[in-house]
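The structure appears below as structure tokens.
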Amino acid sequence: MSIAATERPAQSNSSSLARNRASRLRSLWARFEQTGDWLDNRPRLLLLILGLVYLAFVLPNSYARLMWHDELFTYNLALSPSLSRMFHNIRLIDLNPPLLYLFDYVILRLPGVHANDHLASMAARLPSISAGLIGSLGLFAWLWPRLGPLWSLLGVSVLWNTEFLVYAGEDRPYELMVAFAILLILARERAVEPQRDPAWVGATLLLGAAMVGSHFMGAFVLLAFLAAEAVRAWGRRCLDLPLTLSYLLPFGIIAAYRGTVSGYGTILFPSVFRPHLITAPMAYIAVARYVSLLLLAGLLLLLIPGGSTSPTPLRRMRSLAALTAPDYALLIGLFLEPLIAVSMVARSHGAYFPRYGLPASIPIAILTALLFCALFHRSRGVAILAILLLWGYPARLCARALGFPGAVQAEAAEKSSLDLHTIDPSLPLVAASGLTFVEMNHRESPAFLQRTWFLTDREAAIRYAHATLFEGEAEVARVFRFQAHVEPLPSFEAEHPKFLVLGTWNYQEEWLLRKLHADGNLVRYLGRCSAGYGDHQLYEITIKKKAQ
């Protein structure tokens, strides 16, 4: 028998195994497609899944995580003794319009919400949690007629992989702004119909006002709607005056708060927070960095049977979505919102934070879903697999909030750190950062706060930190009735020759440690202190004796 004859059966067995493997893969993929078809025909079930998954991702984090500095401003303002006092205090110490505070004012007076700090934190975050759910359902409703229910759920999942879910669990107005923007997209779609109900024009006015009434950055979102209306007017050769006015009137809120908005530019922020050439690109990366997971998944899905090899997915996307020129103008305007906002903030010498660009996550989610749906010929099996991949990131956020990853290491680190409450309790304790100082006044006992200080020195703050953001802490402490103390540095040094400082030496907004060291005082590092604050470093300060 020849060698070739003996090799033939082995090759035959190998090819047979390959065919069987390919057959099993095709069978598995067919089940994926059948499951996708079954789900796509049950939109109510998909809506239920959307709501349950959203709550599973957001509620644990909202309950487990205590409020931080910015959230505590919202919380404490909402606890003002009356609405008139709340409106007065907002203009004194915060730079946002009042809608979120009104929501919190009502919620924080419901019975039982102050049973413990975790419950109070989640109650204060209910407006943002609700806004995130409403925004998710609104995006689903907009995509449904274009992509079908299952691919609409994928579009929402893309949105969840931006910073959208992060601010859904925070007592700040960014989630409200995005949710109102999504609802405004839905209302606009009805308002531009040939035989529209005038109520939809009124709805666009109310939603636009609610968006700007949540955060001043909503004004830049309205510019996108005005751009869409300008393109529509060009095509119609006629201006839709009622709809245009509905977009313009909310700018009256900006005019009413002109003093507050201009006051934002008088605060000196560290250079790292002020807009630079790289700020806008970084804003996009911060808003949508996790969407890159979907792009990677798309490359992998191209290898799956049924994946697209056609070079014209963009053409199919246009026919699939039936987007008009005004629609494109709206999406492009929303996408450019961070760039426009950065340009305007730079002129006022204020600070720009990536969360201000959160509305850009809307067109990113929409266009990504449209493109992938066209790329894979509406394959529902692809949609299921992509959705499951996309849920990995928010699931990880939820697990982290519950303390699953690294719990043993975190516990060990806690045991090896200093106890802030027991180390030399006879000495005054100074919080170097206004962030830590505000959080301490919410979490610590009255006895502990009696030995807690925050020190001010505008000249030193400008010299060493180039920032004056926390130089108004005396007014904050008065309005919020803090039990800890705020005092100018020179008078404090005269009365306390030795004290402790909880701070971070190189944090951009903190100047105290660098100032004390530059003055020749003894600054001794005691060790790491894990008390749940942003600052971890504990120092002992001995003031240099002045020559007689």
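The values are calculated or read from the model by the stated rules, or taken from the named source; none is laboratory data. Keep in mind that this is a model prediction, so the values were computed, not measured. Here Cβ is always computed from backbone atoms with ideal geometry, including for glycine, and neighbour counts include all displayed protein chains.
Among the residues of the stretch 125-141, count how many are touching an Asp or Glu at 6+ places or on another chain (Cβ under 6 Å) and among the polar types (S, T, N, Q).
Final tally of qualifying residues: 1.
Kindly list, by first and then second residue, each pair from a residue in the stretch 245-258 that is touching a residue at least 60 places away in the same chain (Cβ under 8 Å) to a residue that is among the charged types (D, E, K, R) and assigned to a helix (DSSP H, G or I), limited to pairs with Cβ atoms under 9 Å and residues at least 6 apart or on different chains.
Tyr257/Arg91
Looking at Leu147, Leu119, Leu143, Leu137, which is the one that is in contact with a Cys (Cβ under 6 Å, 6 or more places away or on another chain) and in contact (Cβ under 8 Å) with a residue 40 or more places away in the chain?
Just a single option satisfies the conditions, and that option is Leu147.
Quick grid of which residues meet (1) at pLDDT 90 or above; (2) in the same structural domain as Met177 (by TED's automatic domain parsing); (3) surrounded by fewer than 16 Cβ atoms within 10 Å (Cβ to Cβ):
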| residue | (1), (2), (3) |
| --- | --- |
| Arg26 | no, no, yes |
| Trp29 | no, no, no |
| Phe32 | no, no, no |
| Leu77 | yes, yes, no |
| Leu92 | no, yes, yes |
| Tyr101 | yes, yes, no |
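Do you know which of the residues in the stretch 128-153 that are crowded, with 24+ Cβ neighbours inside 10 Å and either within 17 Å of Ala395 (Cα to Cα) or of a type in the set (Lys, Arg) (or both) is nearest to the chain's Cα centre (by Cα)?
Gly132
Would a scan of the stretch 150-165 turn up a residue that is closer than 28 Å to Val476 by Cβ and of a type in the set (A, V, I, L, M, F, W, C)?
No, there is no match, as no residue in the stretch 150-165 is closer than 28 Å to Val476 by Cβ and of a type in the set (A, V, I, L, M, F, W, C).
Out of curiosity, is Thr436 hydroxyl-bearing (Ser, Thr, Tyr) and either more than 21 Å from Leu95 (Cα to Cα) or touching a helix residue (DSSP H, G or I) at 6+ places or on another chain (Cβ under 6 Å) (or both)?
So Thr436 does not fit the description; no.
Which of the residues belonging to the stretch 311-339 are part of a helix (DSSP H, G or I), more than 15 Å from Arg232 (Cα to Cα), among the aliphatic types (A, V, I, L, M) and at pLDDT 80 or above?
Leu334, Leu339
Between a residue in the stretch 180-199 that is touching a residue at least 24 places away in the same chain (Cβ under 8 Å) and any residue that is in a loop (DSSP other than H, G, I, E, B), which pairs come within a Cβ distance under 8 Å, given they are 6 or more apart or on different chains?
From the stretch 180-199, the pairs are Phe180/Ser214; Val192/Asp240.
State all residues of the stretch 357-373 that are surrounded by fewer than 23 Cβ atoms within 10 Å (Cβ to Cβ) and more than 18 Å from Glu163 (Cα to Cα); if no residue qualifies, say none.
Of everything in the stretch 357-373, just one residue is surrounded by fewer than 23 Cβ atoms within 10 Å (Cβ to Cβ) and more than 18 Å from Glu163 (Cα to Cα), namely Leu371.
Does the stretch 340-374 hold any residues that are of a type in the set (A, V, I, L, M) and at pLDDT below 80, and which are they?
Met344, Val345, Ala346, Ala351
Considering only the stretch 163-176, state which residues are of a type in the set (Ser, Thr, Tyr) and surrounded by 24 or more Cβ atoms within 10 Å (Cβ to Cβ).
Within the stretch 163-176, Tyr174 is the sole residue that qualifies.
Search the stretch 494-519 for residues that are outside the structural domain of Ala467 (by TED's automatic domain parsing) and pair each with any residue that is among the polar types (S, T, N, Q) and part of a loop (DSSP other than H, G, I, E, B) when their beta-carbon atoms are under 6 Å apart and the residues are at least 6 apart or on different chains.
That search, which allows pairs on different chains as well, returns nothing.
For Ala179, indicate whether it is within 28 Å of Leu239 (Cα to Cα), buried (at least 24 other Cβ atoms within 10 Å of the Cβ) and small (Gly, Ala, Ser).
Yes: the conditions hold for Ala179.
Quick one: would you say Pro173 is in the same structural domain as Phe73 (by TED's automatic domain parsing) and either touching a residue at least 60 places away in the same chain (Cβ under 8 Å) or of a type in the set (D, E, K, R) (or both)?
For Pro173, the condition - in the same structural domain as Phe73 (by TED's automatic domain parsing) and either touching a residue at least 60 places away in the same chain (Cβ under 8 Å) or of a type in the set (D, E, K, R) (or both) - is met.
Would it be correct to say that Thr436 is assigned to a helix (DSSP H, G or I), under 17 Å from Leu512 (Cβ atoms) and of a type in the set (S, T, N, Q)?
So Thr436 fits the description; yes.
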